[in-house]
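J.: Input: one structure, supplied below.
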Amino acid sequence: MNSIKDFLTREHRACDEHLGAAETAAERGDTEAARSHFLLLKRDIEHHFRSEEEALFPLLEAKAGAYSGPTNVMRSEHSQIRALLDDMEEALGTANANLFLDLSDTLMVMVQQHNMKEEQVLYPLADQVLQTNEMEEVLSTFRETAPMS
Ligand SMILES: [Fe+2]
Ligand SMILES: [Fe+2]
C-alpha cells in the first residue's frame with residue numbers, strides 16, 4: 001500500500017515538472033506553450049490542495065486539536081500560492097513573459113518551502129497517526145478525484 005507521504009510527494013514532483021516546462025517555454029518567449037503547461041500546473045495544484053484541505057487536513061485535525069496549528073499554516077500558504085498563480089495567469093494573458101518568470105521564481109521558492117514542511121513533518125505525521133482504513137480511504141479519495149493527465 002502507498003503511504004500518504006509517497007503518494008502526495010509524487011504529486012508535488014508532477015507539479016514541479018509542469019512549472020519547469022512552463023518556465024522553459026516562457027524563457028524562449030513562447031507564451032502560448034507556457035500557458036498550456038501553466039494550465040496543467042494550475043489544475044494539478046488545485047486538485048492537490050483540495051485533497052489536502054478537504055480530506056487529509058480535517059482527518060488530522062480530528063485526531064487531535066494540536067494538529068490544527070500546522071494545518072492552518074498550510075492552508076494559509078495555499079491561499080498565498082493560489083493568489084500568485086492568479087497573477088501568473090494574468091501575466092500570461094498579456095503575454096508578459098518577463099513578469100511571468102519573475103512571479104514564477106517567487107512561486108518556486110514558496111512551493112519548495114511549503115512542500116518541504118509537508119514532506120518532512122506533516123505527511124510522516126499522517127502516516128504515523130492514521131489507521132490503515134483511514135489511510136486507504138484518503139488515498140482512494142485522492143485517486144478518484146485526480147484529474148486525467
Ligand atoms: Fe499543501
Ligand atoms: Fe502538498
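J.: Evaluate the following for His18: is it within 11 Å of the chain's Cα centre (by Cα) and either farther than 30 Å from Glu136 by Cβ or not acidic (Asp, Glu) (or both)?
T.: No: the conditions fail for His18.
J.: Among the residues of the range 72-93, write down those that are in contact (Cβ under 8 Å) with a residue 24 or more places away in the chain and either of a type in the set (Phe, Trp, Tyr) or away from ligand 2 (no atom under 15 Å from the Cβ) (or both).
T.: Residues satisfying the conditions are Leu84, Met88, Glu89, Leu92.
J.: Does the range 2-23 contain any residue that is outside any helix (DSSP H, G or I) and closer than 30 Å to Asn133 by Cβ?
T.: yes
J.: Filter the range 59-71 for residues that are out of contact with any Lys or Arg (no Cβ under 9 Å at 6 or more places or on another chain) and within 15 Å of ligand 2 (Cβ to nearest atom); which is nearest to Ala14 (Cα to Cα)?
T.: Thr71
J.: Sticking with this one: Restricting the search to the range 97-147, which residues are more than 16 Å from ligand 1 (Cβ to nearest atom), outside any helix (DSSP H, G or I) and either buried (at least 17 other Cβ atoms within 10 Å of the Cβ) or under 16 Å from the mean Cα position of the chain (by Cα) (or both)?
T.: Result: Leu130, Pro147.
J.: Using beta carbons and a limit of 9 Å, which pairs, at least six apart or on different chains, have the first residue in the range 96-122 and within 18 Å of His12 (Cβ to Cβ) and more than 12 Å from ligand 2 (Cβ to nearest atom) and the second one among the aromatic types (Phe, Trp, Tyr) and in a helix (DSSP H, G or I)?
T.: Ser104/Phe38
J.: All but one of (1) touching an Asp or Glu at 6+ places or on another chain (Cβ under 9 Å); (2) without any contact (Cβ under 8 Å) to a residue 40 or more places away in the chain; (3) buried (at least 17 other Cβ atoms within 10 Å of the Cβ) hold for Leu39; state the number of the condition that does not hold.
T.: Just one mismatch for Leu39, condition (3).
J.: Out of Gly69, Gly29, which single residue is in a helix (DSSP H, G or I) and surrounded by fewer than 16 Cβ atoms within 10 Å (Cβ to Cβ)?
T.: Gly69
J.: Can I ask one more? Please enumerate the residues belonging to the range 92-129 that are modelled with pLDDT of 95 or more and among the acidic types (Asp, Glu).
T.: Residues satisfying the conditions are Asp102, Asp105, Glu118, Glu119.
The values are calculated or read from the model by the stated rules, or taken from the named source; none is laboratory data. Every value quoted in this text rests on a predicted model; they were computed, and no experiment measured them. Note: ideal-geometry Cβ built from the backbone for every residue, glycine included; neighbour counts use all protein chains shown.
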